[in-house]
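Heads up, the thing below is written out as structure tokens.
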């Protein structure tokens with residue numbers, strides 16, 4: 001039988017690799033949309049690669065959160081509480097990335113403002129994942145590569161939330177997600 005900590009390390013590596021690939025392909029898409037050096041077929045390929053790796057990343061996030069929770073007691077460690085809170089934020093940001101790309105289609109790169117927004121959203125999702133990794137590194141090794149930056153948060157303390165507040169925040173998040181998916185007006189696919 002494989003330990004939860006081993007599964008957590010494996011799923012974390014899958015997540016980080018797919019997110020890094022998605023971010024890199026997204027930034028290259030934006031650069032190609034501005035410079036137009038290689039043509040539309042390269043832009044389509046990069047966009048498709050970024051989109052698929054973002055979907056794979058989204059599938060990995062719950063696995064990483066569940067295996068991380070199984071390998072430690074979230075109620076006893078502020079690090080684990082913060083990891084769970086940041087996991088929810090990370091999941092929400094990557095849902096936004098995929099929803100935005102699905103809604104706008106690959107033509108999002110033809111409008112600079114949408115391209116910039118998409119790159120920022122992907123970067124925020126990646127930054128959240130980096131903070132999650134930083135917490136894990138602090139828990140296991142007592143240090144993180146983020147310490148080289150100097151302004152990287154350590155998150156040694158966790159907010160104290162009662163059960164009622166936690167349920168309320170979860171319900172508000174669910175309502176916000178349902179509003180975005182079902183009520184918010186859909187943008188039309190852009191045509192060339």
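Residue by residue through region 1-50, note down the ones that are more than 30 Å from residue 62 (Cα to Cα) and not in a helix (DSSP H, G or I). The answer is 36, 37, 38, 39. Taking the listed residues 28, 46, the one that is without any contact (Cβ under 8 Å) to a residue 40 or more places away in the chain, buried (at least 20 other Cβ atoms within 10 Å of the Cβ), under 20 Å from residue 110 (Cβ atoms) and more than 14 Å from the chain's Cα centre (by Cα) is 46, with no other qualifying.
Yes or no, residue by residue, for (1) assigned to a helix (DSSP H, G or I); (2) farther than 21 Å from residue 61 by Cα; (3) at pLDDT 70 or above:
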site: 152; (1), (2), (3): no, yes, no
site: 159; (1), (2), (3): no, yes, no
site: 164; (1), (2), (3): yes, yes, no
site: 176; (1), (2), (3): yes, no, yes
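Listed by first and then second residue, the pairs linking a residue in region 3-15 that is on the phi < 0 side of the Ramachandran plot and surrounded by 17 or more Cβ atoms within 10 Å (Cβ to Cβ) to a residue that is assigned to a helix (DSSP H, G or I) and modelled with pLDDT under 80, with Cβ atoms under 6 Å apart and 6 or more places separating them unless they lie on different chains, are 8/68.
The values are calculated or read from the model by the stated rules, or taken from the named source; none is laboratory data. The shown structure was predicted, so the numbers you read here are calculated from the model rather than taken from an experiment. Cβ atoms come from the backbone with ideal geometry, glycine included; neighbour counts cover every protein chain shown.
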